[in-house]
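Asker: Have a look at the structure that comes next, please.
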Amino acid sequence: MSMNTQGRPTAPKVDAAQDGSFESFSGHRGLRMDEPLIFEIGSLNRTGVDFDDIDLDTPSLGGLKRDEAADDLTLPGLSEPEMVRHFTRLSRKNYGIDMGLFPLGSCTMKHNPRLNEKIARLAGFADIHPMQPQTTVQGALQLMDQLGHWLKTLTGMPAIALSPKAGAHGELCGVMAIRAALVARGDARSVILCPESAHGTNPATAALCGYKVKAIAATDSGHVDVDALKAQLDDTVAGVMITNPNTCGLFERDLKDIADAVHAAGGFLYCDGANFNAIVGKVRPGDLGVDAMHINLHKTFSTPHGGGGPGSGPVVFSEALAPYAPLPLVVETADGYALEENGDADSSSFGRLTAFHGQMGMYVRALTYMKSHGRDGLKQVAEDAVLNANYLLARLKGALSASFEGPCMHEALFDDRFLKGTGVTTLDFAKAMIDEGYHPMTMYFPLVVSGAMLIEPTETESKVALDQFADSLLGLAQAAKAGEVDRFEGAPYFAPLARLDETRAARQPVLKWQVAAE
Ligand SMILES: *Cc1c(COP(=O)(O)O)cnc(C)c1O
């Protein structure tokens, strides 16, 4: 039996075939339970609630009779315990930040403090409705006002729109404000410049708003090529979208210079501030000439990312763009707080972005996080995020290939040069991390380097956790170089499912099964 670095015996390597040679009668393997689709286990004749017999001829469900509706919708019926077990079993197959380190670069998967959850569940925040009279939700409006105040102060920007529901939605909001400002001055500009180191949502946003996207090259050091950018500036350029810190985990030092050049050419500077966690309390983007920037509350301010939603991506605006910000705005009046729905007479707002006012639960969590850290604590958030990323960079750069010289910001970028000639692919390496009990890092992004591996530990990991993670990666790198291809080829061995055809799963997902009547 071999020993690991802490001197504890390591588990004998489980042979995948041996693992499958013993069949249980139930089909489960201990706590690794098989779980079919809900459509395979549900039936039309079962339900979790006992209603009185109902008249099947009375139309319900959108005008259909009940039995017609059931036929049409084929919704699976399960008893309550069956349903609870189904979702609980599925949830246990999932990896989450509460299970272990989640090093996805650019995504900032950090711990969600339980204090935030406790405050968000207070009835005065959790049980209100957006159509309630405003006099009955003064506390909620005050909280939105305070959150806006903190975000404006931290960014050094005079105006804010809270309603965007994620980072990409914030970008849409910012670019719509830029377009509204240009339309207001009768200036039909058609181009948005995006550096290659920008997040993919930036060119997508610009295109969605009808702009032609032109790419700006990156320098060998992973920064925006400022000369190439300046050469593209002319009176067709509506704006430039720059991610800072960028997706190589580097700070764009020339942002002020870029802002001045863009403004001189009559355009606006949009900053993708999703990575604000690396600079919060240290730099105010408003001081660098930024006109609009979204902040992902679910990254910097520790609100959950929650399985595809609910995020929250408030946007801060400069003086120049403030009049075009979407409504409603929270305002403090002599009678208390109010939502200004229509703007004043000379408002040039582009209108509403969402039906209601945004993600209230996320506002509560984010403000709780801010207040529990305070101004100095938020500065330390940025410092610790950068320290942790650099610690991993320092521990790993001898074995993995670091893409750039020198220190990084909140995330460390590696690429797959170290795997060259080993027979292990970048994807194999990522899959082997699952066997180590880790979610893989961000793979093949950013596009600036080939075979990218982007690692972001966040400030919430301890040194012990970082060391365990680094030891696993160093072990894997060593195994790859030693020719232990077996360990990688079929990985993951210890996951509920092994290699999937991910492309097919994305393009032809099987989401619905024909339910067999019982
Ligand atoms: C996460 C991220 C986005 C998109 O944010 P969503 O909330 O996922 O829409 C945009 N830009 C950067 C740099 C990001 O890291």
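The values are calculated or read from the model by the stated rules, or taken from the named source; none is laboratory data. In this text the structure is predicted, and so the values were computed from the model without any measurement. Note that each Cβ is placed from the backbone with ideal geometry, even for glycine, and that neighbours are counted across all protein chains shown.
Asker: For region 416-427, what are the residues that are crowded, with 21+ Cβ neighbours inside 10 Å and either under 23 Å from L500 (Cα atoms) or of a type in the set (V, I, T) (or both)?
Answerer: So in region 416-427, the residues crowded, with 21+ Cβ neighbours inside 10 Å come out as 416, 418-419, 424.
Answer for region 416-427, where residues must be crowded, with 21+ Cβ neighbours inside 10 Å and either under 23 Å from L500 (Cα atoms) or of a type in the set (V, I, T) (or both): D416, L419, V424.
Asker: If you scan region 319-328, which residues turn out to be within 18 Å of L172 (Cβ to Cβ) and touching an Asp or Glu at 6+ places or on another chain (Cβ under 7 Å)?
Answerer: Residues satisfying the conditions are L321, L327, P328.
Asker: Here is a further query. Considering G174, G167, G222, which residue is over 16 Å from G358 (Cβ atoms) and either crowded, with 18+ Cβ neighbours inside 10 Å or touching a Cys at 6+ places or on another chain (Cβ under 9 Å) (or both)?
Answerer: Selected residue: G222, the only one of G174, G167, G222 that is over 16 Å from G358 (Cβ atoms) and either crowded, with 18+ Cβ neighbours inside 10 Å or touching a Cys at 6+ places or on another chain (Cβ under 9 Å) (or both).
Asker: Further, regarding this structure: Could you tell me how many of the residues in region 89-131 are of a type in the set (S, T, N, Q) and surrounded by 11 or more Cβ atoms within 10 Å (Cβ to Cβ)?
Answerer: 4
Asker: Here is a further query. If I go through region 224-271 residue by residue, how many of them are acidic (D, E) and part of a strand (DSSP E or B)?
Answerer: 0
Asker: Here is a follow-up. Mind listing whichever residues of region 273-300 are part of a helix (DSSP H, G or I) and either in contact with a Ser or Thr (Cβ under 8 Å, 6 or more places away or on another chain) or within 12 Å of the ligand (Cβ to nearest atom) (or both)? So that I can check it myself, show each step before the final result.
Answerer: Our first condition is that a residue be part of a helix (DSSP H, G or I); within region 273-300, this holds for 276-278, 285-288, 297-300.
Passing the criteria: F276, N277, A278, P285, G286, L297, H298, K299, T300.
Asker: Related question: Which of the residues that make up region 402-415 are buried (at least 22 other Cβ atoms within 10 Å of the Cβ) and outside any strand (DSSP E or B)?
Answerer: Within region 402-415, the subset buried (at least 22 other Cβ atoms within 10 Å of the Cβ) is 403, 408-414.
Correct list: S403, C408, M409, H410, E411.
Asker: Another question, then. Kindly evaluate N4 against the criterion of being at pLDDT 70 or above, among the polar types (S, T, N, Q) and at negative phi.
Answerer: no
Asker: Another question, if that's okay. Answer yes or no: is there a residue in region 206-223 that is within 16 Å of the ligand (Cβ to nearest atom), more than 23 Å from L172 (Cα to Cα) and in contact (Cβ under 8 Å) with a residue 40 or more places away in the chain.
Answerer: Checked region 206-223: at least one residue is within 16 Å of the ligand (Cβ to nearest atom), more than 23 Å from L172 (Cα to Cα) and in contact (Cβ under 8 Å) with a residue 40 or more places away in the chain.
Asker: Can you find even one residue in region 183-195 that is at pLDDT below 95, within 13 Å of the ligand (Cβ to nearest atom) and under 27 Å from V226 (Cβ atoms)?
Answerer: So far as region 183-195 goes, yes, one or more of its residues are at pLDDT below 95, within 13 Å of the ligand (Cβ to nearest atom) and under 27 Å from V226 (Cβ atoms).
Asker: Let me ask something additional. Here is a list: M131, M109, M99. Which entry is within 15 Å of the ligand (Cβ to nearest atom), aliphatic (A, V, I, L, M) and assigned to a loop (DSSP other than H, G, I, E, B)?
Answerer: Unique residue meeting the criteria: M109.
Matching residues to (1) closer than 29 Å to V237 by Cα; (2) in contact (Cβ under 8 Å) with a residue 40 or more places away in the chain:
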{"position": "V280", "(1), (2)": "no, yes"}
{"position": "A292", "(1), (2)": "yes, yes"}
{"position": "H298", "(1), (2)": "no, yes"}
{"position": "A320", "(1), (2)": "yes, yes"}
{"position": "L327", "(1), (2)": "yes, no"}
{"position": "F350", "(1), (2)": "yes, yes"}
{"position": "T354", "(1), (2)": "yes, yes"}
{"position": "G358", "(1), (2)": "no, yes"}
{"position": "A366", "(1), (2)": "no, yes"}
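Asker: Being under 28 Å from T247 (Cα atoms) and assigned to a helix (DSSP H, G or I) is the filter here; which residues of region 482-507 pass it?
Answerer: Within region 482-507, F488, E502, T503, R504, A505, A506, R507 qualify.
Asker: Determine whether region 231-238 contains at least one residue that is among the hydroxyl-bearing types (S, T, Y) and under 22 Å from S163 (Cα atoms).
Answerer: Checking region 231-238: not a single residue is among the hydroxyl-bearing types (S, T, Y) and under 22 Å from S163 (Cα atoms).
Asker: Further question on the same structure: Going through region 246-262 one residue at a time, which ones are farther than 13 Å from D235 by Cβ and more than 16 Å from the ligand (Cβ to nearest atom)?
Answerer: Step one: filter region 246-262 for residues farther than 13 Å from D235 by Cβ, giving 246-261.
Residues satisfying the conditions are R253, D254, K256, D257, I258, A259, D260, A261.
Asker: Right, here's the next one. Give region 152-176 a look and list any residue that's in a loop (DSSP other than H, G, I, E, B), within 15 Å of the ligand (Cβ to nearest atom) and among the aliphatic types (A, V, I, L, M), or say none. Show your work before the answer.
Answerer: As a first pass, look at region 152-176 and keep what is in a loop (DSSP other than H, G, I, E, B): 156-158, 162-166.
Subset that is within 15 Å of the ligand (Cβ to nearest atom): 162-166.
Residues satisfying the conditions are L162, A166.
Asker: Any residue at all in region 371-381 that's modelled with pLDDT of 95 or more, closer than 19 Å to A168 by Cα and either in the same structural domain as V283 (by TED's automatic domain parsing) or surrounded by 14 or more Cβ atoms within 10 Å (Cβ to Cβ) (or both)?
Answerer: No, there is no match, as no residue in region 371-381 is modelled with pLDDT of 95 or more, closer than 19 Å to A168 by Cα and either in the same structural domain as V283 (by TED's automatic domain parsing) or surrounded by 14 or more Cβ atoms within 10 Å (Cβ to Cβ) (or both).
Asker: Show the residue pairs meeting these rules: Cβ distance below 6 Å; 6+ apart or different chains; first residue within region 158-170 and in contact (Cβ under 8 Å) with a residue 60 or more places away in the chain; second residue more than 8 Å from the ligand (Cβ to nearest atom) and of a type in the set (D, E).
Answerer: Pairs that qualify, where the first residue is in contact (Cβ under 8 Å) with a residue 60 or more places away in the chain and the partner is more than 8 Å from the ligand (Cβ to nearest atom) and of a type in the set (D, E), are P158/E319.
Asker: So T354 passes all but one of these: (1) within 23 Å of the chain's Cα centre (by Cα); (2) away from the ligand (no atom under 15 Å from the Cβ). Which condition number does it fail?
Answerer: (2)
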